[in-house]
1. Condition first: open to solvent by 10 Å² or more (accessible area, probe 1.4 Å) and aliphatic (A, V, I, L, M). Now tell me which residues in region 101-121 satisfy that.
2. Name the single residue, out of those in region 70-125 being among the β-branched types (Val, Ile, Thr) and assigned to a helix (DSSP H, G or I), that is farthest from Val48 (Cα to Cα).
3. Starting from region 114-134, keep only residues that are over 18 Å from Lys47 (Cβ atoms) and polar (S, T, N, Q), then list their pairs with residues that are surrounded by fewer than 18 Cβ atoms within 10 Å (Cβ to Cβ) and at pLDDT 90 or above whose Cβ atoms are within a distance under 8 Å, requiring at least 6 positions of separation or different chains.
4. On the given criteria, is Phe64 of a type in the set (A, V, I, L, M, F, W, C), open to solvent by less than 80 Å² (accessible area, probe 1.4 Å) and either at pLDDT below 90 or farther than 17 Å from Phe126 by Cα (or both)?
5. Suppose we keep only residues that are touching a residue at least 12 places away in the same chain (Cβ under 8 Å) and part of a helix (DSSP H, G or I) within region 15-60. Which one would you say is surrounded by the most Cβ atoms within 10 Å (Cβ to Cβ)?
6. When residues of region 63-89 are filtered for being aliphatic (A, V, I, L, M), in contact with a helix residue (DSSP H, G or I) (Cβ under 9 Å, 6 or more places away or on another chain) and more than 15 Å from Ile46 (Cβ to Cβ), how many remain?
7. Would you mention how many residues in region 74-100 are open to solvent by 60 Å² or more (accessible area, probe 1.4 Å), over 26 Å from Ser127 (Cα atoms) and not charged (D, E, K, R)?
8. Looking at Thr10, is it of a type in the set (S, T, N, Q), part of a helix (DSSP H, G or I) and open to solvent by 30 Å² or more (accessible area, probe 1.4 Å)?
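The values are calculated or read from the model by the stated rules, or taken from the named source; none is laboratory data. Since this is a predicted model, take the numbers as computed values, not measurements. Cβ placement follows ideal geometry from the backbone for every residue including glycine, while neighbour counts extend to all protein chains displayed. What goes into the accessible areas is simple: the full protein's heavy atoms, side chains included, and nothing from ligands, DNA or RNA. Shrake-Rupley method; radii C 1.70, N 1.55, O 1.52, S 1.80 Å.
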Amino acid sequence: MNSEAKMIGTAGEYIAMADALEQLISCQLIHGEPFDLLLFVSGEFIKVQVKTEREMPLGRAHSFRPVKGKGKHRYSESEVDIFAFVELELRRTAWVSIAETSLSRHTIQEELFQDYTLERALSTYFSISPMSGI
């Protein structure tokens, strides 16, 4: 990964982290793991992988690749719980449960971007989590 792509990815991580912290959710940057952020919610650790889109697309939907690096390997549910798709130009985050990402690209229409809230993603996560029955 070149240094420009790394800096863009790091900017996305900080934007997603700021979004979580603004919502009073405990959050920590993590290095050396398959996930980038660790949230602590309702007594559970939630693993978040951040993917960043540098430029806002003109006349098309936002498109994010929920795969490892430039490869075709998907993240497993043991590695990641939620994706934070960050649109860098406007500094906003779409939060999506891994259960909602079955393709090599996850597309979000511009008019729906703001609907992908952290609260919505956490609700989806907790509804399918093995811990939800406890």
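1. The answer is Leu103, Leu112.
2. Of everything passing the filter in region 70-125, Thr124 is farthest from Val48 (Cα to Cα).
3. If the second residue must be surrounded by fewer than 18 Cβ atoms within 10 Å (Cβ to Cβ) and at pLDDT 90 or above, the pairs left are Gln114/Arg92.
4. Yes: the conditions hold for Phe64.
5. Per the stated criteria, the residue is Ala16.
6. So the count comes out to 2.
7. The total comes to 1.
8. Yes: the conditions hold for Thr10.
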